[in-house]
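Worksheet: the structure to be examined is printed underneath.
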Amino acid sequence: MAHSPNGLTVASWNVNSLRLRLPQVGRLVGARSIDVLCVQEIKAAPDKVPLMEMAALGFPHHAVHSMPGYNGVGIFSRLPIEDEEALDWCGKVDCRHVRARVAGIDLHCLYVPAGGDLPDPEENPKFRHKLEFLDALTDWSSRSVDPDIPALLTGDFNVAPLETDVWDHKKMRRIITHTPIEREKLGAFQRSGPWVDAMRRFVPPEEKLFTWWSYRARDWKAANRGRRLDHLWVTPTLAPRLAGMEVFDEARGWELPSDHAPVIVTLSPALAET
DNA sequence: ATGGTTGCACGGCAA
């Protein structure tokens, strides 16, 4: 598939094991023109990340931050990577953030901690870690994001911030991913850029929009008890280039699916300097 | 109210 000649199409997908999901990655890149694919939950030791296979699928360039068993993020690109960096937060090296500069844009691939089940930071260390991770991102973003370099932040943020980002707002208020404190902290993180929510530039906030459907539903499509956990944000200077967005939910219905659907955003070509 | 499914370090844990 030819990619957009001067524009850039970026996709983000929590694949829930990159090795297991390689055939589905192949189907995705066969169906859509993607220049950069950001993946979360690679779930493989660094020497077991399928770099050759990803190169064969059209992504010879990569910036990967991975570990055995859990987590792991990667940026796979058709275009050269000009600079890359692995980032870690909260005193852990847990492979949840990687940055790569492609076509002059700083691309960040993120995997925010899920946070467990009990929405009490005193009783549940995983929820405490999630809240502290969001605080660390907010602090980092307010200190270190260079306004002169266009940036794009994407991945599994594990928070559904709007009422229409969950299938039932009232039922979800005490469920992790949609608790008030998480929604507040994601809001603070977004304002710290400020970051533009690219997906909601295309789908108004009154409309439901989901990227994740649990494996545990009998029929994910019929029940449609989804959540918008995956996001793509851009710096304000990049917002005028937002040209298209798709949640590729067809992939949720494939054989051996991930529980997340890919999010695909297209940027129009940069205007020439005058 | 509970349980439902998936993936990895092969089995308890994380999601």
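One residue stands out among those in the range A:206-223 that are in contact (Cβ under 8 Å) with a residue 24 or more places away in the chain, surrounded by 13 or more Cβ atoms within 10 Å (Cβ to Cβ) and not in a helix (DSSP H, G or I): the one that is nearest to DNA strand B (Cβ to nearest atom), which is A:W212. For the range A:87-105, the set of residues classified as within 14 Å of the chain's Cα centre (by Cα) and open to solvent by 20 Å² or more (accessible area, probe 1.4 Å) consists of A:R96, A:R99, listed by residue number. So, in the range A:154-178, of the ones that are of a type in the set (A, V, I, L, M, F, W, C) and open to solvent by 40 Å² or more (accessible area, probe 1.4 Å), which residue ends up nearest to A:L107 (Cα to Cα)? The residue in question is A:L162. Pairs are defined by a Cβ separation below 7 Å, a sequence spacing of at least 6 or placement on different chains, a first member in the range A:44-55 that is free of Cβ contacts under 8 Å to residues at least 60 places away in the same chain and closer than 19 Å to A:N16 by Cβ, and a second member that is within 13 Å of DNA strand B (Cβ to nearest atom) and assigned to a helix (DSSP H, G or I); the pairs so defined are A:P50/A:L22; A:E53/A:L22. Considering each residue of the range A:240-263 in turn, none proves to be surrounded by fewer than 19 Cβ atoms within 10 Å (Cβ to Cβ), at pLDDT 95 or above, hydroxyl-bearing (S, T, Y) and within 12 Å of DNA strand B (Cβ to nearest atom). The test for being assigned to a loop (DSSP other than H, G, I, E, B) and over 20 Å from the mean Cα position of the chain (by Cα) does not hold for A:L79. The set of residues from the range A:93-122 being more than 15 Å from DNA strand B (Cβ to nearest atom) and touching a strand residue (DSSP E or B) at 6+ places or on another chain (Cβ under 9 Å) comprises A:V98, A:R99, A:A100, A:R101, A:V102, A:A103, A:I105, A:D106, A:L107, A:H108, A:C109.
The values are calculated or read from the model by the stated rules, or taken from the named source; none is laboratory data. Everything numeric here is computed off the predicted structure, so don't read it as measured data. Here the Cβ is made from the backbone with ideal geometry for all residues, glycine too, and neighbour counts use every protein chain on show. Each accessible area value is taken on the protein alone, full model and side chains, heavy atoms only, with ligands, DNA and RNA left out. Shrake-Rupley method; radii C 1.70, N 1.55, O 1.52, S 1.80 Å.
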